[in-house]
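*Asks:* Please see the structure below; I have some questions.
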Amino acid sequence: MANKQSQSNQETLGKEQKLLNQEAIKTIEKEKERWKEETVKGKVGEKEYYSDSGIPIKLLYTPDDIKDLDYMEDIGFSGEAPYVRGVYPNMYRGRLFTVRQIAGFGTPEDTNQRFKFLLKNGATGTSVVLDLPTIRGYDSDDPEAEGHVGAAGVSIDSIEDVEALYEGIPIDEISSNIVTHLPSTTVVILAMFVAMAEKKGIPLEKLSGTNQNDFLMETTVGSSLEVLPPKASFRLQCDAIEFASQNLPRWNPVSYNGYNLREAGTTAVQEVACAIANAIATSEELIRRGNKIDDFAKRLSFFWNLYNDFFEEIAKCRASRLVWHDVMKNRFNAKHPKSHLMRFHVQTAGLTLTKVEPLNNIARAAIQGLAAVLGGAQSLHVDSFDEAYSAPTEESALISIRTQQIIQTETNVVNTVDPLAGSYFVENLTQEMAKRIRDYISEIESRGGLVSVVESGWLHREIADFAYQMQRDIESGELKIVGLNYFPSEQSKTKVEVFRYPESAESTQKEKLRKLREKRDNDKVEKALRVLRQKCHEDVNLMPYIKEAVLAYATLGEIEELFREEFGLWQFPLV
Amino acid sequence: MKIKVVMSKLGLDIHWRGALVVSRMLRDEGMEVVYLGNQFPEQIVEAAIQEGADVIGLSTLGGNHLTLGIKVVQIAREKGFNSLIIMGGVIPEDDIPLLKEAGIAEVFGPETKIENIAAFIRSHVKSGIA
């Protein structure tokens, strides 16, 4: 009987099965015309309506707007292909999304204290942001680092700093997110993290967490003085992913960063398309190196930015899972179901925070956070209201945690999976977003792929054009922002308590470095760096050699200086 | 003669969106803008002198305004660049008086209309305050 049942399921599955009765659709279409004439009478609003990405929005969505959908093919069940409804069968009933608030300032010891504060108040993982010298590969005592040490993130110079950062934090029990941004930073920090765990005797299979590792961060999203060439940065990105796929079964060695692209200036469609295009490029490279798609695809993760266009952002989350499933299954022929499902972290949109009437940002972030949960995010960072002024204070960071907890416990939205499925509008928009994401990926590929569009500066121009247009729209009032150009604030000044970075971080870090360079075995450092230098020019994974170097107490700046020397520098396109 | 602005990201600060948008919109306002990308104070001042700029525009969201920002003014004055130096980005209110005291003519926050920046530049360059 069971056999027969399954057979009959397969038979019907093979055929196209529309979600809705096509006869009924015809009636609805006819009635809709009548309704327009008799009831609406042309009163559809004074202008054309568009989503933030420029998708035309109708007055009313009806069953005929999803008439071509096949439920099993295009939507399905949670935890099953094509994962539109979510990556896990029971979603938030099984595990609530991780409350993951970024922290990072001053010395590793300073940030360690903030970690402990957040964990005590209900954060369920750590997430660290690094200061600019660390991100850009300079030690705290480098002249380039002046004025930046411990300022916009925590300073990390050596493995000793990573040890201090995680002192007393159970990294074998809770997940660690490390916002490394660039691949060149990632390979060093990940090597330090792994080496620290080994020194502590923690089995590597117990390490769970994520590092960011996106070559677009190095070459496109953020400008800097010294930038590695896109190909070199992309190679390091792939090195970290390959190393983790072989050694760290619970680690996500990449978080394809749509978030910062969006902050720099893209639509929601471009955000997702660029991130998936990067994952496609990565997969092609790792396969070229002899890996199998199912060895690494299941640990590729993504990072989205949710703006205020509530339904478009939810549709984006659903559409991104749909496109990813298609890419992995049909393009790369991945077999393991985990390779087909897209997991993503969400941070609410920094760019939507206003400096005027900053408390309004609590409302914005809550709405964006709610969209993330309705979109099926795996973890969430809710921005703090004061972030147009400075990094968050302890007080504002706590409000962000509380916002997440309110969504988790008071709204009941987590009790059922993907509650907006079946909405004519949301399903239609999901399909439209998926189509546009695919089209933009095709456009990137027709220009030679993601590495090429970075090398040529095409992607930089796309971003710059968008950012320019958005500013024009704000200034013309076409894009309305409450308190700014819509009911402009009458409060001349709002007093916001500003978070102050510990000014002593620079001198403390410099002193630690001085001592380190004195006490370490410098011959051992030299030797490890010599090997690494040579390996930069071979078709091998650099991770094991970087790990040797950090274990010998080579500093982050020394290793990255080596990269700059061996790979050369690239002229960031001034668009 | 067009007003000439040398615009730069300050030091390692990675956020180029604001600097770029302001550069383009100042061009729309009829100014000539040389965008340097990321530079340190010495190079910014050097470029401004070489270009014969009327204005140095500094952009930072990375928390280096008090250190590197003030350094730009110091080096500029040492080297005889006496024109206008302005700044934009995420800057805490309390720091603005310190920056102005040091010689930054004006600090523009995230929600400034670009036409206001242009108006400020015009009035100061023309009136000779710069």
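*Asks:* How many residues does the range B:74-86 contain that are more than 14 Å from chain A (Cβ to nearest Cβ) and part of a helix (DSSP H, G or I)? Can you show your working first?
*Replies:* Quick first cut of the range B:74-86, residues more than 14 Å from chain A (Cβ to nearest Cβ) only: B:76-86.
Still in the list and also part of a helix (DSSP H, G or I): B:76-78.
Qualifying residue count for the region: 3.
*Asks:* Report, by residue number, each residue of the range B:1-20 that is more than 8 Å from chain A (Cβ to nearest Cβ) and touching a residue at least 60 places away in the same chain (Cβ under 8 Å). Steps first, answer last, please.
*Replies:* Filtering the range B:1-20 for residues more than 8 Å from chain A (Cβ to nearest Cβ) gives B:1-8, B:10, B:18-19.
Listed by number, the residues that qualify are B:I3, B:V5, B:L10, B:G18, B:A19.
*Asks:* Please go through the range A:132-155 and give me each residue that is under 11 Å from A:E506 (Cα atoms) and part of a loop (DSSP other than H, G, I, E, B), ordered by number.
*Replies:* A:D139, A:S140, A:D141, A:D142, A:E146, A:G147, A:H148, A:V149, A:G150, A:A151, A:S155
*Asks:* Something else: Given the options A:Y83, A:Y88, name the one that is of a type in the set (F, W, Y), in a loop (DSSP other than H, G, I, E, B) and surrounded by 21 or more Cβ atoms within 10 Å (Cβ to Cβ).
*Replies:* Working: A:Y88 fails: surrounded by 21 or more Cβ atoms within 10 Å (Cβ to Cβ).
Matching residue, one of A:Y83, A:Y88: A:Y83.
*Asks:* (1) more than 14 Å from chain A (Cβ to nearest Cβ); (2) part of a loop (DSSP other than H, G, I, E, B); (3) not aliphatic (A, V, I, L, M): which one isn't true of B:R122, the others all being true?
*Replies:* For B:R122, the failing item is (2).
*Asks:* Something else: Mind checking which residues of the range A:35-46 are basic (K, R) and either surrounded by fewer than 10 Cβ atoms within 10 Å (Cβ to Cβ) or within 13 Å of A:P63 (Cβ to Cβ) (or both)?
*Replies:* If we filter the range A:35-46 for residues that are basic (K, R), which is where we start, we get A:36, A:41, A:43.
Residues satisfying the conditions are A:K41, A:K43.
*Asks:* Further, regarding this structure: Would you be able to tell me the number of residues in the range A:321-348 that are within 26 Å of B:H15 (Cα to Cα) and in contact with a helix residue (DSSP H, G or I) (Cβ under 6 Å, 6 or more places away or on another chain)? Explain how you work it out, then say what you get.
*Replies:* Kept after step one, since they are within 26 Å of B:H15 (Cα to Cα), are these residues of the range A:321-348: A:344-348.
Filter once more, keeping what is in contact with a helix residue (DSSP H, G or I) (Cβ under 6 Å, 6 or more places away or on another chain): A:346-348.
Count: 3.
*Asks:* To continue, here is another question. Identify, by number, the condition in (1) closer than 21 Å to A:A391 by Cβ; (2) within 10 Å of chain A (Cβ to nearest Cβ); (3) within 11 Å of the chain's Cα centre (by Cα) that B:S23 doesn't meet.
*Replies:* (1)
*Asks:* Which is more than 11 Å from chain B (Cβ to nearest Cβ), surrounded by fewer than 16 Cβ atoms within 10 Å (Cβ to Cβ) and charged (D, E, K, R), of A:E462, A:E497, A:E490? Reasoning before the result, please.
*Replies:* Numbers: A:E462 fails: surrounded by fewer than 16 Cβ atoms within 10 Å (Cβ to Cβ); A:E497 fails: more than 11 Å from chain B (Cβ to nearest Cβ).
It is A:E490.
*Asks:* Given the criteria buried (at least 24 other Cβ atoms within 10 Å of the Cβ), in a helix (DSSP H, G or I) and of a type in the set (A, V, I, L, M), does A:I280 qualify?
*Replies:* On the way: buried (at least 24 other Cβ atoms within 10 Å of the Cβ): no; in a helix (DSSP H, G or I): yes; of a type in the set (A, V, I, L, M): yes.
Judged against the criteria, A:I280 is not a match.
*Asks:* Which of the residues spanning the range A:110-138 are crowded, with 24+ Cβ neighbours inside 10 Å and either touching a Cys at 6+ places or on another chain (Cβ under 6 Å) or within 13 Å of chain B (Cβ to nearest Cβ) (or both)?
*Replies:* Within the range A:110-138, A:L130, A:D131, A:L132, A:P133, A:T134, A:I135, A:R136, A:G137, A:Y138 meet the criteria.
*Asks:* In the range A:124-152, which residues are out of contact with any Ser or Thr (no Cβ under 7 Å at 6 or more places or on another chain) and in contact (Cβ under 8 Å) with a residue 40 or more places away in the chain? Give the derivation first.
*Replies:* Start the filter on the range A:124-152 by keeping residues that are out of contact with any Ser or Thr (no Cβ under 7 Å at 6 or more places or on another chain), which leaves A:127, A:129, A:132, A:138, A:141-145, A:148, A:151-152.
Once the filter is applied, which keeps residues that are out of contact with any Ser or Thr (no Cβ under 7 Å at 6 or more places or on another chain) and in contact (Cβ under 8 Å) with a residue 40 or more places away in the chain, the range A:124-152 yields A:S127, A:V129, A:Y138, A:D141, A:D142, A:E144, A:A145, A:A151, A:A152.
*Asks:* Of all residues being over 13 Å from the mean Cα position of the chain (by Cα) and of a type outside the set (V, I, T) in the range B:41-60, which is farthest from the other protein chains (Cβ to nearest Cβ)? Just the residue, please.
*Replies:* Within the range B:41-60, the subset over 13 Å from the mean Cα position of the chain (by Cα) is B:42-43, B:46, B:49-52.
Next, from what is left, pick out any that are of a type outside the set (V, I, T): B:42-43, B:46, B:50-52.
On the way: B:E42: 11, B:Q43: 9, B:E46: 14, B:Q50: 16, B:E51: 14, B:G52: 19 Å.
Taking the candidates together, the pick is B:G52.
*Asks:* Checking the structure you have, find out if any residue of the range B:92-101 is outside any helix (DSSP H, G or I), more than 10 Å from chain A (Cβ to nearest Cβ) and within 23 Å of A:E146 (Cα to Cα).
*Replies:* Just the residues of the range B:92-101 that are outside any helix (DSSP H, G or I), to begin with: B:92.
Then keep just the ones that are more than 10 Å from chain A (Cβ to nearest Cβ); that gives none.
The answer is no; no qualifying residue exists.
*Asks:* Here's something else I'd like to know. If a residue must be within 14 Å of another protein chain (Cβ to nearest Cβ) and not aliphatic (A, V, I, L, M), how many such residues does the range A:148-171 contain?
*Replies:* In the first step, residues of the range A:148-171 are kept if they are within 14 Å of another protein chain (Cβ to nearest Cβ); the result is A:148-155.
Retained after the next criterion (residues that are not aliphatic (A, V, I, L, M)): A:148, A:150, A:153, A:155.
The number of residues fulfilling the criteria is 4.
*Asks:* Please tell me if A:A421 is within 21 Å of the chain's Cα centre (by Cα), outside any helix (DSSP H, G or I), of a type outside the set (K, R) and more than 22 Å from A:Q270 (Cα to Cα).
*Replies:* Working: within 21 Å of the chain's Cα centre (by Cα): no; outside any helix (DSSP H, G or I): yes; of a type outside the set (K, R): yes; more than 22 Å from A:Q270 (Cα to Cα): yes.
No, not satisfied.
*Asks:* While we're here: Within the range B:28-35, is there a residue that is part of a helix (DSSP H, G or I), within 14 Å of chain A (Cβ to nearest Cβ) and not aromatic (F, W, Y)? So that I can check it myself, show each step before the final result.
*Replies:* Step one: of the range B:28-35, the residues part of a helix (DSSP H, G or I) are B:28.
Now drop any that are not within 14 Å of chain A (Cβ to nearest Cβ), which leaves B:28.
After this cut, where a residue has to be not aromatic (F, W, Y) as well, the list is B:28.
Yes; the residues of the range B:28-35 include at least one that is part of a helix (DSSP H, G or I), within 14 Å of chain A (Cβ to nearest Cβ) and not aromatic (F, W, Y).
Every read-out reported here was derived from the displayed coordinates using simple, explicitly stated rules and does not represent laboratory data. Remember, predicted model here, so these are calculated numbers, not experimental data. All Cβ positions, even for glycine, are placed from backbone atoms using ideal geometry, and neighbour counts span all protein chains on display.
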